[in-house]
Amino acid sequence: MIMDSDHLKEAGKQAMRAARKINRLRSLGIVTAGAAVLVAGITAYKKQDSLYRTFVMPAVRLLPAETSHQLALLACKYRVYPRSQYEDNANLQTKFFGRMLKNPIGIAAGFDKNAEAVDGLQDMGFGFVEVGTVTPAAQEGNPKPRVFRLVEDRAIINRYGFNSEGHQAVLQRLRLLRSKEDFNGVVGVNLGRNKETMSPMADYVQGVRVFGPVADYLVINVSSPNTKGLRDMQTKSKLTELLEHVNEARTRLERNKNVPILLKLSPDLSLSDMKDIVSVINRKKSRVDGLIVTNTTVSRDNINASNKTAKEVGGLSGEPLRARSTEMIAQMYVLTDGKIPIIGVGGVASGYDAYEKIEAGASYVQVYTALVYEGPGLVDQIKAELSSLITSLGHANVQDVVGTNAKFYLPKK
Ligand SMILES: Cc1cc2nc3c(=O)[nH]c(=O)nc-3n(C[C@H](O)[C@H](O)[C@H](O)COP(=O)(O)O)c2cc1C
């Protein structure tokens with residue numbers, strides 16, 4: 001049995017490596033803007049995922065990264081993308097804080113910061129959508145340019161710095177969404193603080209008050225590297241105080257009093273930082289219901305040495321983050337005895353990558369950067385691959401895989 005599973009895993013790994021190579025070659029193809037427009041028109045007729053991947057995505061990459069992001073958001077909002085062709089297999093169904101998800105794959109925070117395209121993202125096949133980061137007052141974020149592609153590394157560096165339309169604008173959109181009879185999606189709201197604020201803690205508390213009643217879960221984001229001092233809130237004393245305030249604010253909610261609160265962590269934490277965090281979240285007064293592992297990294301390990309863009313300041317995401325994120329999922333899973341659900345995120349670009357995160361200890365998986373390179377068809381691809389891996393490795397359901405191989409991903413001593 002162990003041999004069988006090892007062989008299957010090795011075969012899966014080889015298939016994934018080959019797929020990545022092909023995609024890299026494709027992205028080097030020269031695509032004219034005219035062809036791009038033509039193909040974009042054709043893809044509006046849906047069901048054209050291969051054209052999308054081969055032509056549209058490389059063409060979109062000729063535009064500045066932030067412009068592409070805005071276009072992608074519009075495409076999601078107005079559903080100008082190939083329709084999802086994959087009917088979620090029953091083995092992907094999973095419980096999510098008292099709700100049921102059709103599949104455990106979500107869109108990570110930062111793609112739809114202002115909740116403009118939630119139902120479009122759900123129709124693309126995501127099992128859940130996280131919007132934000134949202135700050136109390138609207139703010140511009142850092143000056144442009146502030147997003148950079150590292151194509152060869154399948155990575156992105158961003159220093160958006162929490163550009164946000166602010167609580168009220170996002171709240172109005174979420175209320176409208178909830179008022180639609182046909183909307184039954186799972187939506188999380190990722191909370192941040194303003195750059196200029198009298199009290200960072202009060203910003204998060206306000207986030208709980210404003211979004212508690214309309215969110216399926218809330219995320220305390222103290223791990224983005226682009227707001228000065230933000231990550232210091234992960235230290236033991238500050239985190240304890242913050243989470244106590246946040247928990248207290250939740251008890252005072254009139255509606256949705258049990259809205260789950262998740263904490264999003266940085267991949268740059270040391271083992272001793274992680275142990276401190278676990279001691280904080282194990283206390284009743286400062287507990288959290290789940291963890292999101294991980295945000296972007298300030299490390300530049302695993303990047304092509306010749307890549308000059310790597311020098312840009314900001315958080316790195318995508319393939320170079322993948323292994324560290326999986327390692328940290330395993331570390332947090334072991335440190336919390338598997339008792340706190342984890343959303344695993346960082347460099348997922350295939351069903352195999354998602355499976356790794358889940359066997360390391362994640363109950364759910366989010367995606368962002370790979371979507372930028374592969375396009376919307378990636379969601380179906382990840383789900384189909386994940387579903388067949390679950391079956392071929394002898395499991396009945398994705399929930400049975402969670403943490404089954406956590407020790408394998410722990411750092412080697
Ligand atoms: C352009 C960009 C903007 C992001 N903005 C946010 C954000 O506002 N809040 C947040 O918690 N994470 C943000 N992230 C981090 C992602 O949610 C995710 O944790 C990280 O990118 C790792 O996943 P990936 O490798 O699949 O992209 C952002 C990532 C990118 C690439």
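The values are calculated or read from the model by the stated rules, or taken from the named source; none is laboratory data. Being a predicted model, the structure only gives us computed values, none of them experimental. Heads up: the accessible areas ignore ligands, DNA and RNA and are worked out on the full protein's heavy atoms, side chains in. Shrake-Rupley method; radii C 1.70, N 1.55, O 1.52, S 1.80 Å.
General remarks:
- Of LYS113/LYS228; LYS195/LYS264; LYS264/LYS285; LYS95/LYS236; LYS102/LYS357; LYS102/LYS180, those spanning more than 26 Å from alpha-carbon to alpha-carbon: LYS95/LYS236
- When the surface is traced with a 1.4 Å probe over the full set of protein chains, LEU271 keeps roughly 80 Å² accessible.
- Counting only protein heavy atoms and a 1.4 Å probe, the chain has 44 square angstrom of accessible area per residue.
- Sequence of SER237, SER223 when ordered by accessible area, the most exposed leading, probe 1.4 angstrom: SER237, SER223
- Each part reduced to its alpha carbon centroid, segment 336-399 and segment 196-271 end up 26 Å apart.
- For ASN190, residues with placed amide H under 5 Å, excluding near neighbours: VAL131, GLY132, VAL134, VAL219
- Helical runs assigned H by DSSP (4 residues or longer) give the chain a calculated mean residue ellipticity at 222 nm of -12500 deg cm²/dmol, each run adding -39500 (n - 2.57) before division by the residue total.
- Radius ratio Rg over Rh of segment 279-413, counting only Cα atoms, Kirkwood formula for Rh: 1.00
- Per-residue ³J(HN,Hα) for segment 191-201, Karplus 6.51 cos²θ - 1.76 cosθ + 1.60, θ = phi - 60°, Hz, x for Gly and Pro: 9, x, 10, 6, 4, 9, 8, 6, 8, x, 4
- A cut-off of 5 Å between modelled amide H atoms, ignoring neighbours fewer than 5 places along the same chain, links LEU263 with ILE220, GLY290, LEU291, ILE292.
- As a fraction of the 1.4 Å probe accessible area of the chain, surface on carbon and sulfur atoms comes out at 55 percent.
- Extent along the principal axes, Cα only, for segment 86-409: 52, 49, 38 Å, with the longest axis given first.
- Derived value for segment 155-286: Kirkwood hydrodynamic radius 15.7 Å. Basis is the mean of 1/r over every pair of different alpha-carbon atoms.
- Set of aspartates and glutamates near LYS311 by C-alpha distance (under 20 Å), chain-local residues within fewer than 8 positions excluded: GLU66, GLU152, ASP153, ASP268, ASP301, GLU319
- q = 0.26, 0.28, 0.31, 0.34 Å⁻¹: log10 I(q)/I(0) that the Debye formula gives for segment 108-149, counting C-alpha atoms only: -0.95, -1.00, -1.08, -1.17
- Length-normalised contact order for the chain - Cα pairs under 8 Å, 6+ apart - percent: 15 percent
- Within the chain, antiparallel bridges make up roughly 30 percent of the DSSP beta bridges whose residues both belong there.
- Cut-off under 5 Å, modelled amide H: who pairs with GLY161 long-range: ASN142
- Sorted largest first by accessible area at a 1.4 angstrom probe radius, with every protein chain in place, the residues LYS311, LYS238, LYS357 fall in the order LYS311, LYS238, LYS357.
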